Amino acid sequence: MSGLLSADAWAKVWTYRSTFLLGLLNTVETALFALILAFALGILFGLMATCGSKILRGIARVYVELIQNTPLLLQLCFLYYALAFAGKSLGILVTGIIALGVYTGAYMSEVIRAGIQSIPKGQFEAAHSQGFHYGGMMYHIILPQSIKIILPPMVNQVVNLIKNTSCLYIVGGADLISLTYSFVTGANTGGAYAPAYLVSGLLFFIICFPLSNLASKWENSLKMREKERAVAAAAAAEG
Amino acid sequence: MIKLVNVNKFFGDLHVLKDVNLEVAEGEKLVIIGPSGSGKSTTVRCMNFLEEPTSGHVYINGKEITNKNKTKMVRDNISMVFQQFNLYPHLTVLKNLTLAPMKLHHKSKKEAEELAYHYLDVVGLRDKAHVYPSTLSGGQQQRIAIARALCAQTKIILFDEPTSALDPETIQEVLDVMIKLAKENITMVVVTHEMGFARQVADRVVFMHRGEIIEEGTPEHFFVNPENERVRQFLGKIIR
């Protein structure tokens, strides 16, 4: 009945294909808005984690540790149910965007912190010695150098974010995983487990695979360029 | 021009500068020598507030430099040349030279580039304008770093062991540029072990030992008849 080879089951999935596309659309939409929030938080807290102020560094640390050391599901439930029972429900979409954005933001801020801290101290000192303010130093000197270290792990975080939309299932979301589950357990549509989850998985793969690929390509080309630079530098030293 | 008054600096429990008082006149070429760990570098780094003194005062042109005003004070008055060059590796030589003039000193691209080429001529590296720093030898990178410092057109340039990271063969090309600069009316404070350079260009030499200035005088005084036994020992080892 739910068999992989059942033509019936596949036909059912095909009939209800719009359900899957809607789920995909919802997933991408949630991920996109969450991504914007995550970027903003990641940059803000990443910069805070590397700044001179102990207080700001402390705040960034607390944010990152709290978020990274509790499950996303818990954060999502907390945000949704705590507010819902207080009579201030945000709605599932907004809840999802905030929870996923805040969660991914913590990881992005760590990526940015590591990227900034990988730049030698002398670069900061040169910028200070020329009279650059913090903003100018970051914009013109530090971030352009750390971006290549930041980007590959950043893309991986985007992939995680897209996959993590599946957690919205717990609060009754309308994302791809939630709709797939509704489909296979629905009164009229139920039963086509294998085809339904295969299709759902394929849709995730189509979105995520190119991104992961991009990240590793980026990483490889950076390594290549580094090598070329080292060779050029060595050649210059010889000559 | 530069005045340090009772400057103390601690790194944790380590007392690296002990009540340092030092004045540098306009146009003066001051050389700071001394064994490693004596506080020479920390002294110059206090002058542009790369290190904030734990106590004491630093004045530039009579105005006290503080954590609040340091960015503007440094921008307007002081440039620095580092031991490790610290050129910006993601920018070409030309962009290294024009960045601060364009972003901080409000020069147009054209003005900034003219300025850059002028100082590239001074250090003899005009042909390297469009390459990246990593393709240059250490001596060339340091000459570019000097050109970058000159592009800010400040009256004071600090040199923190500018030749210590260089191959012996390339040290002289950097010293030659500095000797050339010494003929201008720039105030130069140079931390170095190059005694030949000190003898040739210094108006005054100060000797630091364990965070204190223990002797100062003209180069002749140092090389002919230093008073302090510690200074004699040091110079005996370093002058070949």
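Quick notes on this structure:
- Accessible-area order (highest first, 1.4 angstrom probe) of the listed residues B:H221, B:H130, B:H118, A:H128: B:H130, B:H118, A:H128, B:H221
- For the stretch B:1-67, the solvent-accessible area of protein heavy atoms averages 41 Å² per residue (probe radius 1.4 Å; ligands and nucleic acids excluded).
- Among residues other than B:M102 with Cβ under 11 Å from its Cβ, the summed charge is +3 (Lys and Arg +1, Asp and Glu -1).
- Per-residue ³J(HN,Hα) for the stretch A:29-44, Karplus 6.51 cos²θ - 1.76 cosθ + 1.60, θ = phi - 60°, Hz, x for Gly and Pro: 5, 4, 4, 5, 5, 4, 5, 4, 4, 4, 4, 4, 5, x, 5, 4
- Note that the stretch A:142-185 shows a convex hull volume over its alpha carbon atoms of 71 Å³ per residue.
- Whole-angstrom gap from the stretch A:110-167 to the stretch A:1-55, using each part's C-alpha centre: 25 Å
- Residues whose amide H comes within less than 5 Å of that of B:K29, counting only those at least five positions distant or on another chain, are B:M188, B:D203, B:R204 (H built at 1.01 Å from N in the peptide plane).
- 10 Å binning of all Cα-Cα separations within the stretch A:7-238, expressed as whole percents from 0 upward: 7, 25, 28, 20, 12, 6, 2, 0
- Cα centre as origin, Lys/Arg/Asp/Glu Cβ charges: the stretch A:1-148 dipole, Debye: 180 debye
- Inter-chain Cβ neighbour count for A:129-142, averaged per residue, equals 6 (cutoff 10 Å, partner chain atoms only).
- Under the Karplus curve 6.51 cos²θ - 1.76 cosθ + 1.60, θ = phi - 60°, whole-Hz ³J(HN,Hα) for the stretch B:220-237, x wherever Gly or Pro sits: 4, 3, 5, 8, 8, 8, x, 7, 7, 4, 4, 5, 4, 4, 4, 5, x, 7
- 9 Å beta-carbon shell around A:G46, net charge (K/R +1, D/E -1): 0
- Per residue, the accessible area of the stretch B:87-240 comes to 45 Å², computed with a 1.4 Å probe over protein heavy atoms only.
- Applying a threshold of 23 Å to the alpha-carbon distances of B:K40/B:K237; A:K121/B:K109; B:K95/B:K183; B:K29/B:K155; A:K88/A:K163; B:K155/B:K180 flags A:K121/B:K109; B:K95/B:K183; A:K88/A:K163 as lying beyond it.
- Binned Cα-Cα distances of the stretch A:31-115, short to long, each 10 Å bin given as a whole percent: 20, 44, 29, 8, 0
- The residues of the stretch A:7-238 have, on average, 51 Å² of accessible surface per residue, using a 1.4 Å probe with all protein chains present.
- With a 1.4 angstrom probe, the accessible area lost at the A-B interface totals about 1900 Å².
- Accessible surface ranking that places the most exposed of B:E51, B:E220 first, with a 1.4 angstrom probe: B:E220, B:E51
- Per residue, the Cα convex hull of the protein assembly as shown amounts to 196 Å³.
- Across the stretch A:76-90, coupling constants 3J(HN,Hα) worked out from phi with the 6.51/-1.76/1.60 Karplus curve, θ = phi - 60°, read 5, 4, 4, 4, 6, 6, 4, 6, 4, 6, 8, x, 10, 4, 8 Hz, and Gly and Pro carry x.
The values are calculated or read from the model by the stated rules, or taken from the named source; none is laboratory data. Because the structure is a prediction, the values reported are computed rather than measured. Note that we place each Cβ from the backbone using ideal geometry, even for glycine, and neighbour counts take in every protein chain shown. Just the protein is used for accessible areas: all its heavy atoms, side chains included, with ligands, DNA and RNA removed. Shrake-Rupley method; radii C 1.70, N 1.55, O 1.52, S 1.80 Å.
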